[in-house]
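Written out below as structure tokens is the structure these notes cover.
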Amino acid sequence: MAGKVFAWFDERLGLEAFYSTVLDRKIPKVNWWFTLGSASLFLCVIQALTGVFLTMYYVPSPAVAYDSIQYITKGVAFGWLVRGIHHWSATLLVITLFLHMLRTFFYGAYKFPREMTWMTGVLLFLLTLGMGLTGYLLPWNQRSYWATTVATEIFGTVPFLGDFLFKVLRGGTDLSALTLARFFSAHIWILPAGVVLLLGVHMVLIVKLGISNIPGEDE
Amino acid sequence: MNEEQKNKYYDKYLQAKQKGVKFWPDIIYKDLIVSFALFLLVIGLAAFVGVAQEPKADPFDSNYVPRPEWYFLFLFEFLKFIPGQLEWVGTTLIPGIGILILLFLPFLDRNPYRHWKKRKIGLMVMGLIVLGIVGLTVRSVVTTPEVEEVALAGSIAEQVIQGQDLYSIYCVECHQPDGEGGEVVGVEGLEGVILKPINSQDEMWTRTDETLFNVIDYGQQDLGMPPNGLGYGGELPRNEIEKIVTFMRYTWDERAEIPEEAIVGIPALTEGEAPSYEVHISMVVKRYCISCHRPGKENNEYLMGSYQEMLTTGNNADKNIIAGDLQNSYLILTLYRESILDPATGEEMIGPMPPSKDLKAEYVEMFERWILEGMPETADEAAALSSPAVEEVAPESTVTEVTPEP
Ligand code: HEM
């Protein structure tokens, strides 16, 4: 019976092909540093899951954002835990990404034929930092308010484009309800969309090219 | 890379693959172990370290030292080394170049080798950059001042208690300890003005929290109510105003039920118990005196913020409190509502305290006993002077009273 069900799906989805190309492939013998990419992926998934939960209660308006976070931490069952996980997993993600980058750099894994894997990686790193920057404002507390004030001012110092960037980020000249709305939208829609897209390319490339081997002395 | 080098790479890679392992389960198994360890770490951090509590954003509190997320600290620190007029070099040029180099690294690095022994320069440059980033981050953490511990009121009860303390400091001088209002005495500019009660049903049923917030924040300057919000020249950040409003609502509005824990009375004295500054006097002072007796107010320079201040400040510091001597301690005389005249000019130097109305008899007695016992500071000191000791010396003290001066 189970075999029949599998065959039915396999006929339509090509499960066997997936198994043989993705799971049952040979990979050079590598060390523990090569787990950092999948660890980053894992933390990304945690961010997504906990993030979805947080949006159920979070309200992106200056009047209630702070209170909605208070409610999440004090009122919702295990809300404090979910928020804590979102917070700490973001922190660890930056660390694992940084180390992942260093390891691919150290083994020269960015060289032929993996140039595009590297480039999508760099963009993913930037997007992740963007997630950190936009997420930081959302609790609408003193720390987030003033850090974002300074951060947006820094964008304002860019030659020629500065004024434009500054106003686009803030939605005007002041840090206001518009800024919060923009950062929220960037944090939950725009940047994650970019991440998913680039991550897709990153992953397809990894499967297609195979994980690099640890280079020998003559390589 | 030329074709030959590419082919050589493919050969090597094929060899490595053949000697290698299966993605499933060998590689995935390692990945799962690391992910699981990270998962435990995240849960542990979330449960035991948690997320730091912060007060609500206050656009007017520009004294706040901005603290970016830790992984941006190195950039902030880096900017400190760039002179102001070249700011854009630090904010745009250098980070921009850095990102571009990183992004196009595979094309900029023409060296076909991958083993570290053949890429020493590249690795050294990267090593220096990483060291620089770590160094700047550490430097930034070390040099930014610690976040001041702000008393964050979580529960309603905590907010009410902290709100009452704030009310006692900022509002009592005009509105009286329980918001009952009446004639203002001893406040510059409002002398003799009669204030309506703000603790009444009329007030509470017709003013929403938001209205109260605005009254405190912006004031009612034509009527003499000063602005208190930082944004309008006052001293209170928004979260403190919110606490005062919570205090007013829960204490004066009979529709709101005040939580048990929020009712902190001033501990009453039992028979023969000696009051201490710590437990008794400081509480009375906080409710009834501190509003005027703090810096920047008209009060003959008499500050009552601490034990030391109470005993040593004031234009008449040496006469305000004289241990064991009620008849000559100005503080007691003012509580008896006597005017103290300037010996030189004969004009009133100190009026009755608190200026507008009598202090409750039980609190006056508290001050009396405190001064009689020689102003004990801590609860322990007071306990040593309490009941048994007092009862033993009681007969003797009547003797000493009849022999005033040896
Ligand atoms: C959201 C962020 C990222 C995720 C989820 C991710 C995930 C992965 C995974 C699972 C691998 C397989 C090999 C391994 O685990 O080490 C990999 C490989 C790779 N990644 Fe990433 N990565 C991310 C960001 C980056 C960044 C920031 C860089 C570098 C700037 C980068 C560059 C590379 C390169 C060059 C490879 C190929 C390594 C090889 O084949 O040996 N990735 N990535």
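General remarks:
- Filter result for A:MET131 (more than 7 Å from every other protein chain (Cβ to nearest Cβ), touching a His at 6+ places or on another chain (Cβ under 9 Å), open to solvent by 20 Å² or more (accessible area, probe 1.4 Å) and not basic (Lys, Arg)): yes
- Filtering B:ILE290, B:ILE216 for residues that are under 25 Å from B:GLU158 (Cα atoms) and either modelled with pLDDT of 90 or more or of a type in the set (D, E, K, R) (or both) leaves a single hit, B:ILE216.
- Test: residue in segment A:197-206 that is open to solvent by 40 Å² or more (accessible area, probe 1.4 Å) and under 23 Å from B:PRO68 (Cα atoms): no
- For the residues B:GLU191, B:GLU158, the requirement of being in a helix (DSSP H, G or I) and at pLDDT below 90 singles out B:GLU158.
- Those residues of segment B:232-247 which are surrounded by fewer than 16 Cβ atoms within 10 Å (Cβ to Cβ) and assigned to a helix (DSSP H, G or I), in sequence order: B:TYR232
- Taking helices (runs of 4 or more DSSP H) as the structural unit, those lying wholly within segment B:313-405 and holding at least 2 residues that are surrounded by fewer than 18 Cβ atoms within 10 Å (Cβ to Cβ) and modelled with pLDDT under 90 correspond to B:317-320, B:361-372, B:379-385, B:387-402.
- Matching helices (runs of 4 or more DSSP H) fully within segment B:1-90 where at least 3 residues are touching a residue at least 12 places away in the same chain (Cβ under 8 Å) and farther than 30 Å from A:TYR19 by Cβ: B:73-79
- Any hit, segment B:105-120, residues being more than 25 Å from A:ILE95 (Cβ to Cβ), part of a helix (DSSP H, G or I) and within 16 Å of the ligand (Cβ to nearest atom): yes
- Taking the listed residues A:PHE166, A:PHE125, A:PHE155, A:PHE160, the one that is within 16 Å of the ligand (Cβ to nearest atom) and free of Cβ contacts under 8 Å to residues at least 40 places away in the same chain is A:PHE125, with no other qualifying.
- Test result for A:ALA147, open to solvent by less than 30 Å² (accessible area, probe 1.4 Å), within 13 Å of another protein chain (Cβ to nearest Cβ), within 28 Å of A:THR120 (Cβ to Cβ) and in a helix (DSSP H, G or I): no
- Residue in segment A:129-144 that is under 27 Å from B:SER35 (Cα atoms), near the ligand (Cβ under 9 Å from one of its atoms), under 15 Å from the mean Cα position of the chain (by Cα) and touching a residue at least 24 places away in the same chain (Cβ under 8 Å) present: no
- Residues that are open to solvent by less than 30 Å² (accessible area, probe 1.4 Å) and within 15 Å of B:THR144 (Cβ to Cβ) were ranked within segment B:73-97; the one that is nearest to the other protein chains (Cβ to nearest Cβ) is B:LEU73.
- Count of segment A:33-60 residues which are within 10 Å of the ligand (Cβ to nearest atom) and either open to solvent by 30 Å² or more (accessible area, probe 1.4 Å) or more than 10 Å from chain B (Cβ to nearest Cβ) (or both): 7
- Considering only residues in segment B:48-58 that are out of contact with any strand residue (DSSP E or B) (no Cβ under 9 Å at 6 or more places or on another chain) and more than 7 Å from every other protein chain (Cβ to nearest Cβ), the one that is modelled with the lowest pLDDT turns out to be B:ALA52.
- Selection within segment B:14-40: residues that are more than 7 Å from chain A (Cβ to nearest Cβ) and under 41 Å from the mean Cα position of the chain (by Cα). The member of this set that is surrounded by the most Cβ atoms within 10 Å (Cβ to Cβ) is B:PHE39.
The values are calculated or read from the model by the stated rules, or taken from the named source; none is laboratory data. It should be emphasised that the depicted structure is a prediction, and the values quoted were computed from it without experimental measurement. Cβ coordinates were reconstructed from backbone atoms using ideal geometry, including for glycine residues, and neighbour counts include every protein chain displayed. Note: accessible area is taken over every heavy atom of the protein model, side chains too, but ligands, DNA and RNA are not part of it. Shrake-Rupley method; radii C 1.70, N 1.55, O 1.52, S 1.80 Å.
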